[in-house]
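Asker: Pasting in a structure now, in structure tokens, and then I'll have a few things to ask.
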Amino acid sequence: MALPENGDLDENAPDGPLLRLFQDRRVAFIIVGIINTGVGFFWFILFELTIGKLWGYMATLLFAHVASVLCAFVLHRRFVFRVRGHMWLDLARFESVYLVALGVNAILLPVLVEFAHIPPIAAQALIVFVTTMVSWFGHSRFSFRRKADT
């Protein structure tokens, strides 16, 4: 079977494991999102307890961002979206959504830490709710969109 041209959705491609189990892309997206939120928060804690002690919580945020985005991209592309081709374009779009979330995070984290005096890990836990909504709308409408979707 040939790959579709221009990275269009491959209607003949097998669904990922979550789609076979739940048969609803939204449910699969939410499940992967929950897993990725936990993994991303784990990365933040890990980097805060290591790199953050040396370079501060903003360095923690950047390192956690890179690790989280790469993990999330693999999980969403493998378990939620049936797309082929254009991996680098998909990654660029995916990262652009996460850069918006990172921008929101980069503004809120210092506000909560410096002005509200909330410890960085607790502040990040609060911010996760906001950035999750940004991610939901961005990925569901932009990251893996193909011509066949319009």
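Asker: Counting just the residues of the stretch 49-81 that are among the β-branched types (Val, Ile, Thr) and more than 17 Å from LEU91 (Cα to Cα), which one comes out surrounded by the fewest Cβ atoms within 10 Å (Cβ to Cβ)?
Answerer: The residue in question is THR50.
Asker: Follow-up question, since we're still on this one. Return the only residue of ILE118, ILE107 being outside any helix (DSSP H, G or I) and either modelled with pLDDT of 90 or more or under 22 Å from ALA59 (Cβ atoms) (or both).
Answerer: ILE118
Quick grid of which residues meet (1) closer than 18 Å to VAL134 by Cα; (2) among the β-branched types (Val, Ile, Thr); (3) in contact with a helix residue (DSSP H, G or I) (Cβ under 8 Å, 6 or more places away or on another chain):
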{"site": "ILE35", "(1), (2), (3)": "yes, yes, yes"}
{"site": "LEU49", "(1), (2), (3)": "no, no, no"}
{"site": "LEU54", "(1), (2), (3)": "no, no, no"}
{"site": "VAL69", "(1), (2), (3)": "yes, yes, yes"}
{"site": "ARG84", "(1), (2), (3)": "no, no, yes"}
{"site": "TRP88", "(1), (2), (3)": "no, no, no"}
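Asker: Out of LEU75, LEU109, report the one residue that is farther than 17 Å from HIS139 by Cβ and in contact (Cβ under 8 Å) with a residue 12 or more places away in the chain.
Answerer: Selected residue: LEU109, the only one of LEU75, LEU109 that is farther than 17 Å from HIS139 by Cβ and in contact (Cβ under 8 Å) with a residue 12 or more places away in the chain.
The values are calculated or read from the model by the stated rules, or taken from the named source; none is laboratory data. Because the structure is predicted, anything quoted here is derived from the model rather than measured. Positions of Cβ are backbone-derived with ideal geometry, glycine not excepted, and every protein chain shown enters the neighbour counts.
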